[in-house]
Every structure is written in C-alpha cells, then in structure tokens.
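Working notes for the structure below.
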Amino acid sequence: MATHPRKSDPDPVPTSESDLPPPARVGHAEADAGRYALLREPPLRSGSYPTVRRPLAVLVVEDDDGVAATMLELLTQAGHHPVHVATLAAARAYVATHQPDVITLDLQLDGELGSDLLGELAGQMGMPPIVVVSASSLAAGVAEEHGVTFVRKPFDIDDVTRAVERAARI
C-alpha cells in the first residue's frame, strides 16, 4: 500500500485576539476579531462611532440667511443634501415637485407663520418628517401638538443633524 504525503493541517483557528493577525486597514475600514467590520467614519469628539446611515435630502425652510447657511453647512458636512428655501410658498412648491426625506421648519418666518405649513403637512400620508427649528417660546408646544421634533435656537452644532437623522430614523 502506497502512502501519500500528508497535506499539512489547515491554519489553526484563532482562539484569542492575540492569535489574530494585525488589523488590515483600508481607509476607515477596520478588522474586527479577524472579520472586516462595516465601514465607519472616524470617531466623533465623544469617541463613539456614528451609526451607518444614508444621505438624506433635507428641505431647510428658514428666512434668516445666517441660520440657513449654518444649517446647510452642518447638514452637508454630515453627508446630507440640504436645499434651502426662505418662504412658505417656495416650500410648498418644492414639496409638490420633490420628495425630501426630512423638512426643517422655522415657525417665525418673515411675515409668515411656519405653523401654517406644519398644519398642512404634519400627519399627511406620504409627507416627510418635520423638525421644527425655532427660537419661539411657543414653538416647543406647537411641535409637540403636531407630534414633530423640536430644536431650540440657538442650537449646538450637532443638534440639527442629530434631530434630522432621528426624525428620518437612520
């Protein structure tokens, strides 16, 4: 009977982290216990990682150009696609022809009440979630009455982005 040379045993299965090869890095991908983890962004200031998310189309209804510019910058930096309008008529026209994932809405627009649009859109079938962003002392109550998210002005850097992402449930 002929004997065949024995093939060497396959590589042993690692039994502890010290048995693992050093993590391979490609961009921000990290090896995690021998398996590749999901692509993640660099750590936030708090040291935690954001959840995996998709870019959102966000309609920003804001009449103050400075506040609008800040919101657009924050949302863009977070990987989203914001569009700014300054009037309720422009917001209505945009919603009629586009499908934003989330709407941020100031309740005190120049000569207009954002609560009018909120009343029209909130709860309508197929309408995106709304985040009220306002300095008005009554805005929190109005937002609660309509079951939408509220962010008080002035807001912290991450407040708007977190509220938008929470409203979209990503």
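Among the residues of the range 109-135, write down those that are farther than 20 Å from residue 95 by Cβ and touching a Gly at 6+ places or on another chain (Cβ under 9 Å).
Answer for the range 109-135, where residues must be farther than 20 Å from residue 95 by Cβ and touching a Gly at 6+ places or on another chain (Cβ under 9 Å): there is none.
Condition first: out of contact with any helix residue (DSSP H, G or I) (no Cβ under 7 Å at 6 or more places or on another chain) and of a type in the set (A, V, I, L, M). Now tell me which residues in the range 149-163 satisfy that.
Answer for the range 149-163, where residues must be out of contact with any helix residue (DSSP H, G or I) (no Cβ under 7 Å at 6 or more places or on another chain) and of a type in the set (A, V, I, L, M): just 163.
Within the range 102-127, which residues are more than 22 Å from residue 165 (Cβ to Cβ) and of a type in the set (D, E, K, R)?
110, 112, 116, 120
Name the one entry in 163, 135, 139 that is under 13 Å from the mean Cα position of the chain (by Cα) and touching a residue at least 24 places away in the same chain (Cβ under 8 Å). Steps first, answer last, please.
On the way: 135 fails: under 13 Å from the mean Cα position of the chain (by Cα); 139 fails: under 13 Å from the mean Cα position of the chain (by Cα).
Answer to the selection: 163.
So which residues in the range 123-151 are out of contact with any strand residue (DSSP E or B) (no Cβ under 6 Å at 6 or more places or on another chain) and either modelled with pLDDT under 90 or of a type in the set (A, V, I, L, M) (or both)?
Of everything in the range 123-151, those that are out of contact with any strand residue (DSSP E or B) (no Cβ under 6 Å at 6 or more places or on another chain) and either modelled with pLDDT under 90 or of a type in the set (A, V, I, L, M) (or both) turn out to be 123, 124, 125, 126, 127, 135, 137, 138, 142.
Can you name the condition, by its number, that residue 134 falls short on among (1) among the polar types (S, T, N, Q); (2) under 16 Å from residue 161 (Cα atoms); (3) in contact with a helix residue (DSSP H, G or I) (Cβ under 7 Å, 6 or more places away or on another chain)?
Of everything listed in (1) among the polar types (S, T, N, Q); (2) under 16 Å from residue 161 (Cα atoms); (3) in contact with a helix residue (DSSP H, G or I) (Cβ under 7 Å, 6 or more places away or on another chain), residue 134 misses just condition (3).
Show me the strands (runs of 3 or more DSSP E) entirely contained within the range 26-122 in which 1 or more residues are aromatic (Phe, Trp, Tyr), surrounded by 12 or more Cβ atoms within 10 Å (Cβ to Cβ) and modelled with pLDDT of 95 or more.
Working: elements: 57-61, 81-85, 102-105.
Those strands (runs of 3 or more DSSP E) do not exist here; none qualify.
Of the numbered conditions (1) assigned to a helix (DSSP H, G or I); (2) of a type in the set (A, V, I, L, M, F, W, C); (3) at pLDDT below 95, residue 155 satisfies every one except a single condition; which is it?
(1)
The values are calculated or read from the model by the stated rules, or taken from the named source; none is laboratory data. All figures in this text were calculated on a predicted structure; none of them were measured in a lab. Quick reminder, even Gly has a Cβ in these numbers, built from the backbone with ideal geometry, and neighbours come from all protein chains shown.
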